[in-house]
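Please read the structure below before turning to the comments.
Derivation of every value follows stated rules applied to the coordinates shown; laboratory data play no part. What you are looking at is a predicted structure, and each value in this text was computed from that prediction instead of being measured. Because the Cβ atoms are built from the backbone with ideal geometry, glycine has one as well, and the counts that use them run over all protein chains shown.
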Amino acid sequence: MNTVALAFDLGGTELRGALVERSGDVIVRVSAPTLAGAGSEAVIGQIITLADKLLKQHPQAKVVGIGMCAPGPLDPKAGIVIGPPTLAGWHNVPLIDILSRQFGLPVRLENDANAAALGEWRFGAGRGTGSLVFVTVSTGIGGGVVADGHIYHGRRGLAAEIGHMTITGEGDRCFCGAVGCFEAVASGTALGRCQPRRLAPGDGSLLRRLAKDGDISARHVVEAARTGDATARQLVEAEARWLGIGFTNLLHLYSPDLIVMGGGLANGFDLLAPGIRATVEERAMPAYRDVPIVPAELGDRAGLVGAASLILWEGEPGTALAMVQNDETRSGAGGQDEPALAPRA
Ligand SMILES: [Zn+2]
């Protein structure tokens, strides 16, 4: 078997693990609902359990390290998860230290949006570009910037908090406390929330029917717009306009070769694209208007393969990291008699 990385994508609702090859191919993946309210020790226990599962399925795997992504804020260089709002009891957790001691393997950490940006850049929609901005639009808005062949980190790795750039002076308050954040007006959550203001439960509208008179989500809006529902189409148009405004800012700030849009709302990319494009044409300075805006290709595995690439790749796309495989540190990691990935006493 080829050299692989153990990859983990720690989210507030789901913890995913995989064995990933240098080509970006996922050999096997597993997942578990994250024990998000149980504190860091419980979740690290889950990571260890999943690693064990993966390696039991592929005992011959030559694991050279662990690539991990987690919600920000986190410090990728120091390897510290600072305090994600979606995970209770995580305050300055030295995750790299903990995992490298546990497994006896090199560990790299990146925030989830940056890891997904890396995934799309190295294996997905952004292959072959030098610079890209990846924007994920789902319950929130996040992103990552690859600038001149590298993830742009900024101070403490906190750069590219795309969802919290201010794009209007009014509207609902964002969870961060500010008004007019990109995320507060253009996330999937915001799109679903627009609708109840226009419709009453039981009014028989297509959107209400799709949502079975429950909460209307962005998915329902996209579905209804696809069938030609006029209200839903208007909402999608407004959504595309907000995205176009945000993307115009990103073009001016980072001058990428490409903008890649991922997240749940990318399912409606074909409906959103004309409005996004029209807004960019209208608002961006001429030199930026021809930059392609494309949907992500890797779906929910972008973070996993991006995290794996932190271990398997270094530098420019196509260059394999010359990581020497250390048979001593690996003797248990995948060995059949001694499960080195079991928790240390
Ligand atoms: Zn905000």
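Each Lys or Arg adds one and each Asp or Glu subtracts one; over the other residues with Cβ under 15 Å from the Cβ of Cys176, this totals -2. Working from label points 7 Å from Cα in the Cα-to-Cβ sense, the Ser138 to Gln60 distance is 3.4 nm. Computed from Cα positions, the angle between helix 230-254 and the longest principal axis of the chain comes to roughly 60 degrees. Computed over the chain, relative contact order equals 22 percent, with contacts defined as Cα pairs under 8 Å that lie 6+ residues apart. Note that region 171-180 has calculated 3J(HN,Hα) couplings of x, 5, 6, 6, 4, 6, x, 8, 10, x Hz, one per residue in order, obtained from phi through the Karplus relation 6.51 cos²θ - 1.76 cosθ + 1.60 (θ = phi - 60°); glycine and proline are x. If you take the charge dipole of the chain about its Cα centre, with +1 on Lys and Arg Cβ and -1 on Asp and Glu Cβ, which of Gly144, Leu312, Gly11 is farthest toward its positive end? Positive-most Cα among the choices belongs to Gly11.
Here each label is just a point 7 Å from Cα along the line to Cβ, and for Glu237 and Glu282 those points are 1.0 nm apart. Per-residue ellipticity at 222 nm computed for the chain from its helices equals -10500 deg cm²/dmol, with DSSP H segments shorter than 4 residues left out and the rest contributing -39,500 (n - 2.57). Once C-alpha pairs closer than 8 Å and six or more residues apart are averaged by separation and normalised to the residue number of region 1-152, the relative contact order reads 18 percent.
For Val43, neighbours were defined as the other residues whose beta-carbon sits under 13 Å from its Cβ, and their charges (Lys and Arg +1, Asp and Glu -1) total -2. If you model the chain as an ellipsoid using its alpha carbon gyration tensor, with each semi-axis the square root of five times an eigenvalue, the axes come out at 37, 23, 18 Å, biggest first.
Between region 254-293 and region 130-155, what is the separation of their alpha carbon centroids in Å? Between the Cα centre of region 254-293 and that of region 130-155, the gap is 15 Å. Ordered by the number of other Cβ atoms lying within 10 Å of each residue's own Cβ, fewest first, Phe134, Phe182 fall into the sequence Phe182, Phe134. Averaged over residues, the count of other Cβ atoms within 10 Å places the peptides 100-109, 37-46 in the sequence 100-109, 37-46, highest first. Between Val107 and Ile66, the built amide H atoms are under 5 Å apart, and every one of these is 5 or more places off in sequence or on another chain.
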